[in-house]
Each structure stands twice: as C-alpha cells, then as structure tokens.
1. Looking at this structure, is Asn90 within 26 Å of Val172 (Cβ to Cβ), surrounded by fewer than 16 Cβ atoms within 10 Å (Cβ to Cβ) and touching a residue at least 60 places away in the same chain (Cβ under 8 Å)?
2. What's the number of the only condition in (1) within 26 Å of Asn160 (Cβ to Cβ); (2) of a type outside the set (Gly, Ala, Ser); (3) exposed (fewer than 13 other Cβ atoms within 10 Å of the Cβ); (4) at pLDDT 95 or above that Thr58 fails to meet?
3. Could you list, ordered by first residue, the pairs with Cβ atoms under 9 Å in which the first is in region 13-39 and of a type in the set (Asp, Glu) and the second is open to solvent by less than 100 Å² (accessible area, probe 1.4 Å) and not in a strand (DSSP E or B), at least 6 apart or interchain?
4. Which pairs have Cβ atoms under 7 Å, sit 6 or more apart or on different chains, and link a residue in region 117-129 that is surrounded by fewer than 18 Cβ atoms within 10 Å (Cβ to Cβ) to one that is assigned to a strand (DSSP E or B) and aromatic (Phe, Trp, Tyr)?
5. Taking region 130-159, which residues are outside any loop (DSSP other than H, G, I, E, B), over 23 Å from the mean Cα position of the chain (by Cα) and buried (at least 16 other Cβ atoms within 10 Å of the Cβ)?
6. If only one of Glu103, Glu83, Glu139 is touching a strand residue (DSSP E or B) at 6+ places or on another chain (Cβ under 9 Å), without any contact (Cβ under 8 Å) to a residue 40 or more places away in the chain, closer than 15 Å to Phe35 by Cα and of a type in the set (D, E, K, R), which one is it?
Amino acid sequence: MSFINSNNDRIPGIMQGNPLNGMCEKVCVQVKKVFDACMKQISLENVQVTLCDPTPDTYTEPLTFVSAKSTSSKGTISNLCIEALDERPNLSRVKADIAIPIEVSYTDAYGAAGTAIGTICITEDVVLNVPQPSMIPYEVEAVVGAVSPDGTYVSDLTFNLNMCVTVILKIVTEVELLIPSYGYCFIPPCQEYTQDVCTGFFELPLFPTTPR
C-alpha cells in the first residue's frame with residue numbers, strides 16, 4: 001500500500017476534523033526558507049545553440065531536428081548583482097544570467113538517431129524581497145524548465161531553436177524552523193505490483209461458504 005491507501009491517521013493528506021487533534025510537540029526542523037520568489041515564462045525565437053558530446057559520437061550531416069528539452073530543473077546562476085532599492089524598503093533589484101542545460105534529439109542524413117547537450121542563457125532583472133544580512137547568508141536559486149517545439153540545423157552541431165522557457169527565481173536561506181508536529185509519520189508497507197494470474201485464485205476460501 002502507500003499513503004494514498006492507508007487508513008492510519010499519522011500520514012500526509014487532507015486535514016479532517018479538529019486540526020489540533022493529535023498535535024503533540026513543537027519540532028525544530030532544518031529546511032530552506034523561501035523569503036521571496038517569482039516566475040517568468042517566455043518564448044524565445046531563433047536561439048542559436050552549439051552542442052557538444054554527441055551520442056553516438058559519429059554522425060553524417062545534415063542533421064534534422066527532432067526535439068529539445070531541459071535536462072535539469074536547476075539553473076546555473078552567474079553575474080549575480082543585488083542592489084538594494086532605497087526608495088522601496090526590504091526590496092532589492094536582483095539581476096543574473098541563468099544557464100539552462102538542454103538536450104537536443106536529432107536524426108542524421110541516414111536517419112540514425114542521436115542526441116547532444118548544450119545550454120541556453122537568459123538574463124533575469126527583477127525586484128525581490130531580500131532579507132537583512134545575517135551569519136547564515138541567503139542564496140539565490142533558479143528553478144528552470146525549457147522545451148523546443150521546433151528548430152533548424154545550421155552546421156557543426158549548431159541549431160537555431162524556438163524555446164518555451166520557465167524560470168523561477170528564489171531567495172532562500174537554510175534555517176532551523178520551529179513548527180507544530182503530530183509526531184513521526186506512519187510508513188505503510190509496500191504493496192508489490194504483480195500480474196500473477198494465480199493471485200486471485202489463491203485468495204479464494206478452501207471450502208464454499210453456506211448461504212444464509
């Protein structure tokens with residue numbers, strides 16, 4: 001079984017009845033606290049991307065684009081600049097370049113399938129709530145996703161891509177947070193998946209039950 005199929009009340013799920021019922025302690029947990037976040041979704045046209053590490057390592061040009069998508073939800077941040085806005089307390093201008101790793105699938109001149117990897121880079125220039133300086137500093141993180149509906153081959157593993165890109169920029173800090181708790185979570189036993197045709201038969205009673 002799983003959390004979904006368990007009847008135990010010490011599992012994650014929709015809260016029913018009095019939410020204080022069963023609450024038993026205050027717990028200190030180590031988590032990343034998100035102080036602020038924003039999301040940008042943009043369409044990019046004719047983004048030129050030069051790829052590397054083709055698989056297989058031999059191919060015959062010209063190549064034909066098949067698809068492209070990001071290979072990780074974590075973007076790499078560079079050229080980060082955070083500037084406090086004096087006229088807007090607690091807010092700062094956050095500017096950074098964000099590299100998104102992608103994988104492009106293609107076929108070569110003989111129809112052989114292949115893939116290669118690369119990156120696309122976008123610049124974010126936004127306003128976010130940035131906490132005051134502390135011993136444990138805040139960090140800027142980028143959650144990313146990208147897909148390409150179409151693209152054209154140029155040469156030398158270079159493609160022009162039309163990309164749909166999502167970037168979530170977050171201001172986070174590793175903190176020790178005090179939260180109310182219901183105690184440790186109940187972990188139900190696993191239900192093994194099986195296509196054994198005998199399972200239903202073996203579950204039948206040995207002798208028939210007398211009707212009443």
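The values are calculated or read from the model by the stated rules, or taken from the named source; none is laboratory data. Here the structure is a predicted model, which is why all the values come from computation and not from measurement. Heads up, the Cβs are rebuilt from the backbone with ideal geometry, glycines too, and the neighbour counts pull from every protein chain shown. Protein only, heavy atoms only, side chains kept; ligands, DNA and RNA dropped before computing areas. Shrake-Rupley method; radii C 1.70, N 1.55, O 1.52, S 1.80 Å.
1. No: the conditions fail for Asn90.
2. Status for Thr58: all satisfied but (4).
3. From residues that are of a type in the set (Asp, Glu), the pairs are Glu25/Tyr182; Glu25/Gly183; Asp36/Val130; Asp36/Pro131.
4. Asn129/Phe35
5. Gly151, Tyr153, Phe159
6. None of the other options fit; the residue is Glu139.
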